[in-house]
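Engineer: I have a structure I would like to understand better, so I am pasting it below and will then ask my questions one at a time.
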Amino acid sequence: MLRNAIRTGLLCAMLCAGLCAGLATIPASADVAQPVARDPQLEARVTALTQELRCLVCQNQTIADSHADLAIDLKNQVREKLAQGQSEKEITDYMVQRYGDFVLYRPPMKSTTWLLWIGPFLILFCGIAVLARMIANRRVAVDAMPEQDMQHAAALLAEVPEKKETP
């Protein structure tokens with residue numbers, strides 16, 4: 001009798017654990033900007049333009065790829081502005097005026113963004129220069145060994161008995 005109650009309790013616990021694990025694997029529904037199916041040409045323009053704008057929340061995704069609430073709002077705003085007849089340039093200028101050059105996924109080369117464009121090359125150049133200097137210093141250190149130290153090292157090596165192989 002007690003065994004049946006334990007089995008039933010264990011079975012219920014396993015069933016609850018399985019249900020919880022199954023529910024945990026169901027993805028949460030995120031707000032997604034719904035494409036306007038009535039005008040596929042407008043939707044293609046929205047997608048093309050939002051591929052060029054950075055998500056301000058994710059910062060490593062475009063607005064088109066992001067599921068953040070702000071990105072969805074901006075994508076809907078782009079869709080509305082294109083439907084009102086504004087050009088891609090006008091919308092881009094509006095976004096830059098409102099959020100700065102950072103909103104552009106490919107910021108323009110200006111005095112305020114030159115470090116974004118040249119910075120990686122500067123870091124690469126500095127890394128190569130440091131590596132070359134380290135290699136050059138290593139060669140100099142080997143070549144700069146005094147003759148007396150070389151003779152002393154040769155004498156020490158000559159004194160080391162050879163090991164005999166045992167069968």
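Engineer: Based on this model, can you work out whether residue 72 counts as β-branched (Val, Ile, Thr), closer than 20 Å to residue 48 by Cβ, touching a Leu at 6+ places or on another chain (Cβ under 8 Å) and part of a helix (DSSP H, G or I)?
Structural biologist: Criteria not met by residue 72.
Engineer: Let me ask you something else. Taking the condition modelled with pLDDT of 90 or more and under 23 Å from residue 102 (Cα atoms), does residue 57 pass?
Structural biologist: No, not satisfied.
Engineer: For residue 97, work out the one condition from (1) of a type outside the set (Asp, Glu); (2) surrounded by 10 or more Cβ atoms within 10 Å (Cβ to Cβ); (3) over 25 Å from the mean Cα position of the chain (by Cα) it doesn't fulfil.
Structural biologist: Result: residue 97 passes all but (2).
Engineer: How many residues does region 51-79 contain that are exposed (fewer than 15 other Cβ atoms within 10 Å of the Cβ) and either in contact with a strand residue (DSSP E or B) (Cβ under 7 Å, 6 or more places away or on another chain) or closer than 13 Å to residue 104 by Cα (or both)?
Structural biologist: Of the residues in region 51-79, 3 are exposed (fewer than 15 other Cβ atoms within 10 Å of the Cβ) and either in contact with a strand residue (DSSP E or B) (Cβ under 7 Å, 6 or more places away or on another chain) or closer than 13 Å to residue 104 by Cα (or both).
Engineer: Follow-up. For region 30-47, state whether one or more residues are of a type in the set (Gly, Ala, Ser) and modelled with pLDDT of 85 or more.
Structural biologist: For region 30-47, residues of a type in the set (Gly, Ala, Ser) and modelled with pLDDT of 85 or more: present.
Engineer: Still on this structure, please answer the following. I need the helices (runs of 4 or more DSSP H) fully contained in region 76-161, keeping only those with at least 2 residues that are among the β-branched types (Val, Ile, Thr) and either at pLDDT 90 or above or not assigned by TED's automatic domain parsing to the domain that holds residue 65 (or both).
Structural biologist: Hits in region 76-161: 88-99, 114-143.
The values are calculated or read from the model by the stated rules, or taken from the named source; none is laboratory data. Not measured: the values here are computed from a predicted model. Heads up, the Cβs are rebuilt from the backbone with ideal geometry, glycines too, and the neighbour counts pull from every protein chain shown.
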